[in-house]
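Readers should treat all values here as calculations from the given coordinates under stated rules, not as data from a laboratory. Values in this document were obtained by computation on a predicted structure and should not be read as measured data. Neighbour counts are summed over all protein chains in view; Cβ atoms, including those assigned to glycine, are modelled from backbone coordinates with ideal geometry.
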């Protein structure tokens, strides 16, 4: 596995397949949510097989619950089968949890950062990498709450996981911005502490905004264009770190394909040293 | 700091509507604001699961109305939460749930419509199988020919005219009267465009398909259907299945 190309990609949506195939593709890679491809056959696999034939592929899990009490062996086996089938260039998951007991909660839930949860997450990342026979990437979360018991900064927590397990990191710049605004912190301070040398992929996406008495609460809703401050932070990361595989996510209130493609091309402009403004709408 | 297992249990209980879990913080750490922030997670879980059901049961949602459906979905979720991150497999309990949902007691046909939607979901994701090439059928002796049915194909005997209801609630369908009390048999398959149409078939069609699936020869299957309905058109059924790519090699791989 050589990893994703240092180019742009988008989260693939079935509704976009025909439009993507109407012209030669300009995407460096596509990313899919693993759980949407865990049926046996039919249209999802036909489309993914078609895209895989001439694109790099990232499989992004949203349901493994790496921050949960224990990993689901059956789900790990499904992920293994999916990776065996498509041989993706990258597999990634989240620093979050989403299952409790037999119940699947279908959201990326937060956890306190303590020595005990660090041990737990490292153990799970080890287990995933062993089961899949590959290095995985772990993504920083968008959070709305903190925990009184947290004793380790998130950036340090992620650095320790990468050090102890050998996993790479997926830096979601929108999540950095969302969490920083929500916790009334400086996103640049977060990024200055982030182990950028371990980053193997970047995510960009749109957020929504609510109002709290103390100020805005940003929601990682993936239903809007990437916000301007996120573009700025992204350009700063690229200036520091050089080109990195960059994904634009748009999961809800899906736009027409040209709108999403334009977002990705704006990211490419930044990747290649431009301002990204040429593509701004 | 509680042990991780206690932390997860407390947080999950809060998501289900229980008390706020202990140990939450925010900046500024005002109690009211912490509750608002926790509510984002509670809302994300509920809204995303309701949306998953809405995608799975579009006709039910259209029939009962969006607001009613979304409220009902929350009750369904509390009673039948998903037990796997693979949500495409979730929702099979919906027909039974609708049958026992008192506000819908006067609309018993809804359970049959939900059965169709569950079967369509299963058919959409069913395993692939290569359709038989026309050459495999040309000149074959029906007395010795055995055919397999595609793994996506499903036959649903229904108490009501739910196939007609489903069809009338597709985008662009023209309104027409439906005799709801008339039982129908639904044939659900995945066509060559990987779309999942729903059609009503006759009892004789169903019998012929059951016999084919059981490994009987084409001739024996068609004769069984003709015995129940002398006017049964076996060729028309076979042609339609062949067009849709729903005829495959039999389970043992031997055609005749």
On a C-alpha basis, how far is the centre of region A:10-88 from the centre of region A:203-281 in Å? Whole number, if you could?
22
Could you calculate the contour length gain from residue A:49 to residue A:156, that is, 0.36 nm times the residue separation minus the distance between their Cα atoms, to one decimal place in nm?
34.7 nm
Fewest-first sequence of B:19, A:31, A:156 by Cβ atoms within 10 Å of each Cβ
B:19, A:156, A:31
Using the alpha-carbon atoms, what tilt in degrees (0 to 90, nearest 10) does helix B:203-213 show relative to the longest principal axis of chain B?
90
Viscosity 1.002 mPa s, 20 °C: Kirkwood-radius Stokes-Einstein D of region A:8-279 over Cα pairs, µm²/s:
113
How big is the antiparallel share of DSSP beta bridges in region A:8-279, given as a percent to the nearest 5?
20
Sorting A:83, A:167 on the 10 Å Cβ count, fewest up front, what's the list?
A:83, A:167
Footprinting proxy, A:207, B:8: sorted fewest to most Cβ within 10 Å, the residues are A:207, B:8
Could you work out how far the C-alpha centroid of region B:188-256 sits from that of region B:105-178, in angstrom?
11
Nearest 10 degrees is fine. How inclined is helix B:31-56 to the longest principal axis of chain B, computing both from alpha carbons?
0
Two-site label geometry, residue A:232 and residue B:6: point separation in nm, points 7 Å out along Cα→Cβ
4.4
Simple label model, 7 Å out from Cα along Cβ direction - residue A:189 to residue B:191, nm
6.1
For chain B, take the longest principal axis of its alpha carbons; what is the angle in degrees between that and the long axis of helix B:4-15, to the nearest 10 within 0 to 90?
80
For the modelled label position 7 Å from the Cα of residue A:212 along Cα-to-Cβ, which residues of region A:149-190 have backbone nitrogen atoms closer than 11 Å?
A:179-185
Could you tell me what a quarter of the Cα convex hull surface of region A:34-129 works out to, in nm² with one decimal place?
6.5
Stretchable slack from residue B:242 to residue B:176, in nm (0.36 nm times residue separation minus alpha-carbon distance)
20.8 nm
Counting alpha carbon pairs within less than 8 Å and at least 6 residues apart, what relative contact order, in whole percent, applies to chain A?
18
Within region B:138-166, backbone nitrogen closer than 16 Å to the virtual label 7 Å beyond the Cα of residue B:226 toward Cβ:
B:141-145
Between residue B:128 and residue A:77, what is the FRET efficiency for a Förster distance of 25 Å, r being their Cβ-Cβ separation, to the nearest 0.05?
0.75
Estimated inter-spin distance, residue A:116 and residue B:255, nm [label 7 Å along Cα→Cβ]:
6.6
